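Here is the structure we will look at, set down as structure tokens.
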Amino acid sequence: MKRIGIFLLLVTFLLSFAGISFASEPTLEKIKRTGVFTVGTRSGSPPFAYINKQNEWVGFSIDLARLVHKNIEKKLGKSIKFELKESIPATRIPLLTSMAVDLIAGTMTDTRARRENVDFSLTFFATGAQFLVKKGSPIKGVKDIAGKRIGTQQGSTNERELRTRYPQAVLVVFPDQPSAFTALAQGKLDAYTNDGIQLWGLKYKAPNPDEWEVVGEFYTYDPYGLAMRKNDSDFRHVVNVALMEGLEGGDYFNIYNKWFGPKSEVPYPLSHDVKTFLMMQVVPK
Amino acid sequence: MLIYGFLGIPYDFRWSVLWESPHGTWILDGLLTTLQVSAFSWVFAVLLGIFFGALRTVPYRPFRAVATVYVEFFRNVPLLVWLFFWYFGAPEVFPETIRQWFIRHGMEFWSAVAGISVYHGARMSEVIRTGIQAIPKTQIEAGVSSGLSVGQTYRLIIIPIALRLIVPPATNESLNLLKNSSLAMTIGVAELTFATRQIETYTAKAFEAFSAGTLIYLVLCLSIASIMNRIERKFAIPGLIARAERAEH
């Protein structure tokens with residue numbers, strides 16, 4: 001009896017951690033009070049957010065977060081510190097809910113399930129899943145993967161799609177991209193799947209980019225958004241206006257060119273359709 | 001009742017994600033994999049531990065040196081590094097055909113078992129060494145002078161006594177091993193921590209998923225601890241290991 005009592009005590013103790021009530025202070029007020037705008041992002045997802053050879057934390061998503069930062073400063077009328085924090089797929093939602101970060105700017109796909117827990121900004125990039133293979137591989141797309149060892153990154157939307165729609169493939173799931181890529185390079189995987197643009201990023205960052213091929217049609221649709229705490233529409237408005245003004249005034253396209261333009265490390269031209277789609281999200285003043 | 005405590009915060013608890021299909025199956029599969037990885041690793045770790053632990057106390061210097069090198073090398077490198085070594089490094093030295101065979105036969109699982117066994121084997125051998133050293137030297141001398149060889153003395157007298165002395169620290173090591181098996185996730189083994197993260201990534205219900213993981217590990221560890229407790233009581237040698245029978249409860 002005593003032992004059961006101790007056990008129950010332990011359980012209550014543990015659950016009480018989950019019960020620590022998170023202050024639901026509006027984000028703008030919190031930023032004004034602390035003078036810091038904290039952004040959760042990735043460190044190994046070139047060119048969206050990664051640590052470059054000069055050991056600087058940079059990327060497309062981080063530059064977009066800086067646009068948001070400028071708009072927050074404008075709105076609050078004072079200078080605010082810009083801070084970055086590492087957030088992997090498994091930690092990004094808890095980091096947001098616990099107020100540790102104010103915005104997630106990485107490679108987070110906007111999904112309906114995720115919208116139940118966080119709010120998303122406008123879509124700032126649209127991509128879909130493809131495969132990264134060694135040149136000359138028999139895998140040319142999602143139809144050729146039966147019985148093959150396919151690496152995926154845990155928490156990605158494409159992993160979910162493969163698991164439910166293509167169960168014939170042997171999935172090997174890694175928590176991060178670098179280890180999956182190493183396994184692929186060593187021949188432990190037949191292909192690695194992720195959002196197409198991230199595969200291009202990996203290919204261009206590989207020691208010999210020519211050895212690698214990105215193959216297949218998109219078999220998922222992955223719109224990327226910036227994520228925020230739920231039910232904070234004032235803050236969401238500031239974030240969205242920053243993106244809209246960036247699209248309207250051309251800052252967005254300058255940033256796009258910096259990371260995906262012809263002279264960048266991962267050339268990836270913006271297709272006409274995607275450009276139209278991005279612009280149509282901009283509502284009138 | 002708990003849910004009420006969360007009112008007013010921007011998070012909506014939904015515990016049913018834990019047993020909704022297919023999440024419940026993932027947790028069970030993950031639990032099974034965790035138990036398998038831990039069980040295999042535990043058996044190998046104990047065998048390695050007994051072997052090297054005994055070797056560290058034998059009266060031959062070269063044997064002791066070999067065992068010391070093993071222990072110090074393997075326990076002082078982080079387990080995560082060992083897992084990467086056994087998965088990304090070690091298999092690369094084999095010829096291509098053997099390597100392919102490994103890849104097609106659960107390489108992730110066995111690399112994890114190898115990494116955990118060897119690391120915990122080194123730690124376990126320290127536990128066993130202290131057990132052996134707690135036995136008065138006169139026992140070995142008595143064994144040898146009664147006509148047994150050193151090997152026989154160890155096998156028939158010293159190790160059986162040592163194993164009964166070291167149950168409490170061995171329990172500690174076993175619990176560590178079970179919890180460390182969660183690192184196998186980093187090389188693609190779908191164990192329990194993996195399963196809870198998987199649920200989190202599918203449903204974005206982080207608190208529910210991780211609480212479930214925490215609770216399952218807690219229950220596993222408490223059961224192991226209580227089994228070991230029973231073993232300890234059953235095999236205690238009167239006079240050699242003092243038990244605080246009353247004070248504990």
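The values are calculated or read from the model by the stated rules, or taken from the named source; none is laboratory data. For clarity, every value in this text was computed on a predicted model and none was experimentally measured. Cβ placement follows ideal geometry from the backbone for every residue including glycine, while neighbour counts extend to all protein chains displayed.
The residues on offer are A:Glu248, A:Glu211, A:Glu217, and the sole one that is away from chain B (no Cβ under 14 Å) and without any contact (Cβ under 8 Å) to a residue 40 or more places away in the chain is A:Glu248.
So that you can scan it fast, the table gives a plain yes or no per residue for (1) of a type in the set (Val, Ile, Thr); (2) within 30 Å of B:Ser182 (Cβ to Cβ); (3) in a helix (DSSP H, G or I):
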{"residue": "A:Phe181", "(1), (2), (3)": "no, yes, yes"}
{"residue": "A:Glu245", "(1), (2), (3)": "no, no, yes"}
{"residue": "A:Phe253", "(1), (2), (3)": "no, no, yes"}
{"residue": "A:Glu265", "(1), (2), (3)": "no, no, no"}
{"residue": "A:Pro269", "(1), (2), (3)": "no, no, no"}
{"residue": "A:Val283", "(1), (2), (3)": "yes, no, no"}
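Taken as a whole, the stretch A:243-254 holds at least one residue that is touching a Ser or Thr at 6+ places or on another chain (Cβ under 9 Å) and farther than 20 Å from A:Gly201 by Cβ. Candidates are the residues of the stretch B:51-106 that are charged (D, E, K, R) and under 30 Å from A:Ala183 (Cα atoms); the one that is nearest to the chain's Cα centre (by Cα) is B:Arg75. Considering only residues that are assigned to a helix (DSSP H, G or I), under 29 Å from A:Arg160 (Cβ atoms) and at pLDDT 95 or above, which ones fall in the stretch A:64-89? Of everything in the stretch A:64-89, those that are assigned to a helix (DSSP H, G or I), under 29 Å from A:Arg160 (Cβ atoms) and at pLDDT 95 or above turn out to be A:Leu64, A:Ala65, A:Val68.
When each of A:Val101, A:Val133 is tested for being outside the structural domain of A:Asn240 (by TED's automatic domain parsing), touching a residue at least 40 places away in the same chain (Cβ under 8 Å) and crowded, with 24+ Cβ neighbours inside 10 Å, the lone residue that passes is A:Val133.
Considering only residues of the stretch A:223-246 that are charged (D, E, K, R) and either outside the structural domain of A:Glu116 (by TED's automatic domain parsing) or closer than 24 Å to A:Lys70 by Cβ (or both), which is surrounded by the fewest Cβ atoms within 10 Å (Cβ to Cβ)? Applying the filter and picking the extreme gives A:Asp234. The single condition from (1) at pLDDT 90 or above; (2) away from chain B (no Cβ under 14 Å) that A:Tyr204 fails is (1). Within the stretch A:192-217, take every residue that is over 21 Å from the mean Cα position of the chain (by Cα) and among the hydrophobic types (A, V, I, L, M, F, W, C) and give me the one that is nearest to A:Lys148 (Cα to Cα). So, considering only residues that are over 21 Å from the mean Cα position of the chain (by Cα) and among the hydrophobic types (A, V, I, L, M, F, W, C), the one nearest to A:Lys148 (Cα to Cα) is A:Val215. Checking A:Arg163 against (1) within 14 Å of chain B (Cβ to nearest Cβ); (2) closer than 27 Å to A:Gly59 by Cα: exactly one of these is not met. Which one? Result: A:Arg163 fails condition (2) only. The set of residues from the stretch B:73-128 being of a type in the set (Val, Ile, Thr) and buried (at least 18 other Cβ atoms within 10 Å of the Cβ) comprises B:Ile103, B:Val113, B:Ile116, B:Val118, B:Val127, B:Ile128.
Just one of the listed residues (A:Gly155, A:Gly225, A:Gly151) is within 14 Å of chain B (Cβ to nearest Cβ) and part of a loop (DSSP other than H, G, I, E, B), and it is A:Gly155.
Which of the residues spanning the stretch B:163-187 are buried (at least 22 other Cβ atoms within 10 Å of the Cβ), over 16 Å from B:Ile27 (Cα atoms) and at the interface with chain A (Cβ under 10 Å from one of its Cβ atoms)? The one that is buried (at least 22 other Cβ atoms within 10 Å of the Cβ), over 16 Å from B:Ile27 (Cα atoms) and at the interface with chain A (Cβ under 10 Å from one of its Cβ atoms): B:Ile187.
Hey, does the stretch A:111-125 have a residue that's in the same structural domain as A:Val274 (by TED's automatic domain parsing), touching a Pro at 6+ places or on another chain (Cβ under 6 Å), modelled with pLDDT of 90 or more and surrounded by fewer than 22 Cβ atoms within 10 Å (Cβ to Cβ)? Yes, the conditions are met somewhere in the stretch A:111-125. Could you tell me which residue of the stretch B:188-222 is nearest to the other protein chains (Cβ to nearest Cβ), considering only residues that are more than 20 Å from the chain's Cα centre (by Cα) and outside any helix (DSSP H, G or I)? The qualifying residue nearest to the other protein chains (Cβ to nearest Cβ) is B:Ala204.
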